[in-house]
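Novice: The structure's right below; bear with me while I get my questions together.
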Amino acid sequence: MCRMLIAVGNVNVNLLLDGLVTMANDENEKHERNQNKNGNWKHDGGWGIAYLENNRWIVEKSTKPIFKDPKVNKFRNVKTNLVILHARKVTIGKISMENTHPFQLNEFIFCHNGTVRDKIYYDSKFTVKGDTDSEHLFGSILTENKKEKNIIEAIRNNLNKYQNYTGINFILANRNKSYVFIKKNNQPKYYQMKMGKKKDFLIVSSEELPQLPNIEWQKIKQEEIIEIDNKTLHLKTNKK
């Protein structure tokens with residue numbers, strides 16, 4: 001249960017952090033989990049940021065709610081062409097640094113919204129540090145990718161294994177490509193990802209951000225895999 005975003009291109013990290021604060025504090029969009037009253041579905045189980053600096057991943061995390069954490073100010077002036085932000089609401093796994101997204105395995109970064117209750121299998125070569133379903137899912141997708149050698153097919157094959165889940169949205173990225181996926185679910189407002197694009201900037205977010213009023217947003221459809229070229233911002237939509 002999370003709020004998250006990825007932004008590529010001419011990125012203003014300061015505005016995106018404000019956007020994540022707004023989402024995490026449940027001050028933004030209505031969905032199935034906050035229908036009665038905004039503010040009752042806060043994502044207060046920690047937050048994290050991953051971004052590229054000199055073509056290397058920098059990953060920083062905190063177990064504090066982002067809307068109560070002064071550490072957020074440390075990253076407001078970050079200069080990068082790719083940033084991933086995540087605010088967690090705890091379901092499986094305690095609040096800890098090990099369980100806080102985004103996760104990194106080798107050259108990949110991953111974050112997830114949803115809960116998977118199926119048993120998740122992955123190759124032991126991928127060192128999983130926490131006990132969340134999300135990090136295990138990450139390892140499982142990379143295990144499948146090692147077999148398939150085609151990451152789109154690996155994602156499809158892996159995600160077809162799971163039937164007992166509330167939702168599976170994820171962001172998966174390396175330095176060159178990023179992937180966003182939404183598995184079919186029955187809470188389409190909460191387990192949604194929306195995309196906005198300008199000439200030199202692209203964003204995919206759990207919610208539309210009021211901090212970006214000039215972006216035209218569109219919903220990503222369930223079961224679509226969006227593939228982003230991090231250098232050119234070229235988009236490819238892979239349908240089931």
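Novice: Is at least one residue of the stretch 107-114 more than 18 Å from the chain's Cα centre (by Cα) and closer than 26 Å to Lys197 by Cβ? Full working, then the answer.
Specialist: Quick first cut of the stretch 107-114, residues more than 18 Å from the chain's Cα centre (by Cα) only: none.
The answer is no; no qualifying residue exists.
Novice: Same structure, new question: So which residues in the stretch 70-89 are crowded, with 16+ Cβ neighbours inside 10 Å and either aliphatic (A, V, I, L, M) or without any contact (Cβ under 8 Å) to a residue 60 or more places away in the chain (or both), if there are any at all? Break it down stepwise before answering.
Specialist: Of the residues in the stretch 70-89, the ones crowded, with 16+ Cβ neighbours inside 10 Å are 72, 75, 78, 80-89.
The answer is Val72, Val78, Leu82, Val83, Ile84, Leu85, Ala87.
Novice: Collect the residues in the stretch 1-43 that are assigned to a loop (DSSP other than H, G, I, E, B), out of contact with any strand residue (DSSP E or B) (no Cβ under 8 Å at 6 or more places or on another chain) and within 15 Å of Ala87 (Cβ to Cβ), keeping them in residue-number order.
Specialist: Step one: list which residues in the stretch 1-43 are assigned to a loop (DSSP other than H, G, I, E, B), which gives 1, 10-12, 25-43.
Filter again for out of contact with any strand residue (DSSP E or B) (no Cβ under 8 Å at 6 or more places or on another chain), leaving 12, 25-42.
The answer is Asn25, Asp26, Glu27, Asn28, Glu29, His31, Arg33, Asn34, Gly39, Trp41, Lys42.
Novice: If we keep just the residues of the stretch 215-240 that are part of a loop (DSSP other than H, G, I, E, B) and of a type in the set (Val, Ile, Thr), which is nearest to Lys89 (Cα to Cα)?
Specialist: From the stretch 215-240, those part of a loop (DSSP other than H, G, I, E, B) are 215-216, 220-224, 230-234, 239-240; that's our starting set.
Then keep just the ones that are of a type in the set (Val, Ile, Thr); that gives 215, 220, 232.
Working: Ile215: 27, Ile220: 22, Thr232: 33 Å.
Only one residue fits best here, namely Ile220.
Novice: Please find, within the stretch 166-186, the residue that is nearest to Asp133 (Cα to Cα) out of those that are out of contact with any Gly (no Cβ under 6 Å at 6 or more places or on another chain) and of a type in the set (Ser, Thr, Tyr).
Specialist: Step by step, filter the stretch 166-186, then rank; the result is Tyr179.
Novice: Considering (1) part of a strand (DSSP E or B); (2) of a type in the set (A, V, I, L, M, F, W, C); (3) under 24 Å from Asn34 (Cα atoms), say which one Leu212 fails and leave the rest.
Specialist: So the condition that Leu212 fails would be (1).
Novice: Condition first: crowded, with 20+ Cβ neighbours inside 10 Å and closer than 15 Å to Phe170 by Cα. Now tell me which residues in the stretch 196-240 satisfy that.
Specialist: Passing the criteria: Ile203, Val204, Ser205, Ser206, Glu207, Ile225, Ile226, Ile228.
Novice: Can you tell me which residue among Ile171, Ile155 is more than 16 Å from Leu5 (Cα to Cα), crowded, with 17+ Cβ neighbours inside 10 Å and touching a strand residue (DSSP E or B) at 6+ places or on another chain (Cβ under 8 Å)?
Specialist: On the way: Ile171 fails: more than 16 Å from Leu5 (Cα to Cα).
Unique residue meeting the criteria: Ile155.
Novice: Among the listed residues Lys184, Lys199, Lys149, identify the single one that is free of Cβ contacts under 8 Å to residues at least 40 places away in the same chain and at positive phi. Spell out how you get there, then give the answer.
Specialist: Working: Lys184 fails: at positive phi; Lys199 fails: at positive phi.
So the residue among Lys184, Lys199, Lys149 that is free of Cβ contacts under 8 Å to residues at least 40 places away in the same chain and at positive phi is Lys149.
Novice: State which residue is modelled with the lowest pLDDT when the search covers only the stretch 34-60 and only residues that are of a type outside the set (Asp, Glu), in contact with a Phe, Trp or Tyr (Cβ under 8 Å, 6 or more places away or on another chain) and surrounded by fewer than 21 Cβ atoms within 10 Å (Cβ to Cβ). Lay out the reasoning, then the answer.
Specialist: Of the stretch 34-60, the ones of a type outside the set (Asp, Glu) are 34-43, 45-52, 54-59.
Right, trim to in contact with a Phe, Trp or Tyr (Cβ under 8 Å, 6 or more places away or on another chain) and you get 34, 42, 49-51, 57-58.
Cutting the leftovers down to surrounded by fewer than 21 Cβ atoms within 10 Å (Cβ to Cβ) gives us 34, 42, 57-58.
Working: Asn34: 87, Lys42: 95, Trp57: 98, Ile58: 99.
Among residues in the stretch 34-60 that are of a type outside the set (Asp, Glu), in contact with a Phe, Trp or Tyr (Cβ under 8 Å, 6 or more places away or on another chain) and surrounded by fewer than 21 Cβ atoms within 10 Å (Cβ to Cβ), the one modelled with the lowest pLDDT is Asn34.
Novice: I've got another one for you. Return yes when His86 is within 16 Å of Ile171 (Cβ to Cβ), touching a His at 6+ places or on another chain (Cβ under 6 Å) and not aliphatic (A, V, I, L, M) and no when it is not. Break it down into steps so the answer makes sense when it comes.
Specialist: On the way: within 16 Å of Ile171 (Cβ to Cβ): yes; touching a His at 6+ places or on another chain (Cβ under 6 Å): yes; not aliphatic (A, V, I, L, M): yes.
For His86, the condition - within 16 Å of Ile171 (Cβ to Cβ), touching a His at 6+ places or on another chain (Cβ under 6 Å) and not aliphatic (A, V, I, L, M) - is met.
Novice: Do the conditions hold for Phe170, that is, is it of a type outside the set (Ser, Thr, Tyr) and under 19 Å from Phe103 (Cα atoms)?
Specialist: Values: of a type outside the set (Ser, Thr, Tyr): yes; under 19 Å from Phe103 (Cα atoms): yes.
So Phe170 fits the description; yes.
The values are calculated or read from the model by the stated rules, or taken from the named source; none is laboratory data. Keep in mind it's a predicted model, so treat the numbers as computed, not measured. Don't worry about glycine lacking a Cβ; one is built from the backbone with ideal geometry, like all the others, and counts go over all protein chains shown.
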